[in-house]
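Data first, discussion second: the structure below is written as structure tokens.
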Amino acid sequence: MSRFYATTPIYYVNAQPHLGHAYTTIVGDALTRWHRLIGDEVKYLTGTDEHGLKIQQAADAAGLDPQSFADSIAPKFADAWQRLDIANDDFIRTTEPRHKSAVSELLQRCYDAGDIELGVYRGKYCVACEEYYTEEELTGGTDCPIHKRPVDDYEEENYFFKLSRFEDRLLQHYADHPGSIVPEFRANEAYGLIRSGLRDFSVSRTSLTWGIPLPWDPSHVAYVWFDALTNYLAAVGFGDGTDSYKDWWPVDYHLIGKDIIRHHCVYWPAMLMSAGVDLPKGWAVGGWLLVDGEKMAKSTGNVVNPLDLIDVVGVDGFRYYVLADTPYGQDGDFSYEGLVGRYNSDLANNLGNLAARVATVVAKKCDGIGPAPSPDSPLAEAAATTLDGVTAAWDHVAPHRALDITWQLIRTVNAYLETNEPWKMESGSAVDAVMGDALEALRLLAILVSPAMPATAQEIWSRIGMSGEISAVRLPEAGTWGQYPGGQPVIKGDSLFPRIT
């Protein structure tokens, strides 16, 4: 059995979960559910980022000490992921002892390698980004290009990671590992950042105390990127005094947003090179879900609570929209109208209608008992082509493509029923052949939609008379045509996706 390890970014606890957080987390959940489906042993990690000036300021505003403030927010992320049916295997908080040990270990390794040196920083700093900018990078020379507000002037003694030493090594690594950043146009952004020249970056602060002390100089606390990024190693045991972390490392995919390419695809691999740790196998870079053309953020006041939306379209309806509506890597534009429109079109009119139609005809023409499929069904080839296409799409972290290909099969099966019109046939072998094929297609469709819509997949599985949990099914074995056993009771049940008007 092979292993598959994937991570989301860890989310700042200065605000509650919003749609932007949910987007990446649902993509990662569907990707890791797919890998469980194909038989991999999976570790899926998410968590919260709880140190730094931004958290200190939010805690002060709330009248709490930073740890109490973090303790009040972090569980809201865990609860939100539970409500969205996220099957993460671990939830890490950067205030945990295991994380602090890992950060200290990584910092010490880089310091011992001679790649961390003391200096003084003078420059422009955005608290919200936890990032320094040159004047040329600022909008109008004054404003953060991400948060559209003035940055602060900072000057203090810092330790610096000598990133400037790693340009050639980084470019060589990416040349040796083509396709490690997907989609490809996002990879080009990372290469451009490296080729434009690398600046050493600060790894410590003396102006705040809410952080992890540097192991060789406790008067400094670790600055965000060494602290935050190391969570991916901490979760698999790095820093525990053994090499057990190598059971899962290197990670297969870091799922990140486009705004943190620099830190994940430039800073992070350089840090790992310095520390003598293997580099990640891959990065999957998503765009932003925009609202009225703006990135969702607390500072812009356009935050959408994902838990409000599941009251409208259900958990699986929301998950489907997030995965299917925007090609991963591109920016998407969220709207309530778009959410409802896709729900009605793809779920109510297509998948839901197919399941209801099949159950209705089986009840009327087959006494409610599902017939077995034909081994030489005209749907068999379409099903095989669909499985190949869906597999290739997930291999490229393209959930929208995987679902589009799956929906092509749904439309093919609906067209097959329209052509044969089994509802007009007399009960007997002819109608049994058509309905057996349709039930076998539904069996396969339930499997293929299960990474995106696990509860819906289980419901379809049970309604067509399949026993057990669909989560126990494995591909490619279960993907071969002809495994619907026949002789099973088929239940129509309530509408899977009632139309929203």
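The values are calculated or read from the model by the stated rules, or taken from the named source; none is laboratory data. These numbers were taken from a predicted model, which means no experiment stands behind them. So basically every Cβ, Gly included, is an ideal-geometry build from the backbone, and we count neighbours across all protein chains shown. Quick note on the areas: whole protein, heavy atoms, side chains included, nothing else; ligands and nucleic acids left out. Shrake-Rupley method; radii C 1.70, N 1.55, O 1.52, S 1.80 Å.
Consider a paramagnetic label point 7 Å from the Cα of LYS258 along Cα→Cβ; state which residues of the range 318-333 have an amide N under 20 Å from it. Output list for this probe position: 322-333. Ligands, DNA and RNA excluded, the heavy atoms of GLU105 present near 70 Å² of accessible surface to a 1.4 Å solvent probe. Using the Cβ-Cβ distance between ASP60 and THR419 with R0 set to 60 Å, the FRET efficiency works out to roughly 0.35.
Packing-based ranking of 313-319, 367-373, 169-175 yields 313-319, 367-373, 169-175, ordered from highest to lowest mean Cβ neighbour count within 10 Å. The alpha carbon centroids of the range 112-137 and the range 400-436 are separated by 60 Å.
Compared with the direct C-alpha span, the chain from ILE491 to SER219 gains 91.2 nm at full extension, assuming 0.36 nm per residue. FRET efficiency for the ASP404 to SER335 pair, using the beta carbon distance and R₀ = 22 Å, is estimated at 0.65.
Using the structure shown, list the pairs from LYS124/LYS281; LYS43/LYS492; LYS43/LYS124; LYS124/LYS246; LYS43/LYS148; LYS54/LYS258 with a Cα-Cα distance above 29 Å, or answer none. As for pairs spanning more than 29 Å Cα to Cα, those are LYS124/LYS281; LYS43/LYS492; LYS43/LYS124; LYS124/LYS246; LYS43/LYS148. I'd like the FRET efficiency for ALA472 and ASP152, computed as 1/(1 + (r/R0)^6) with the beta carbon distance as r and R0 of 35 Å, rounded to 0.05. Efficiency computed from Cβ-Cβ geometry: 0.05. Peptide packing for 375-383, 264-272, 113-121 was compared via the average number of neighbouring C-beta atoms within 10 Å per residue; ordered from the highest value, the list is 264-272, 375-383, 113-121. Could you tell me what % of all Cα pairs in the chain have separations over 36 Å? When all Cα pairs of the chain are counted, 37 percent exceed 36 Å. From most to least packed by mean Cβ count within 10 Å, the peptides 432-443, 388-399, 140-151 give 432-443, 388-399, 140-151.
Take the chain with all the other protein chains still there, run a 1.4 Å probe, and you get 39 Å² of accessible area per residue.
Unpaired cysteine residues in the chain (no second Cys Cβ under 4.7 Å): CYS110, CYS265, CYS366.
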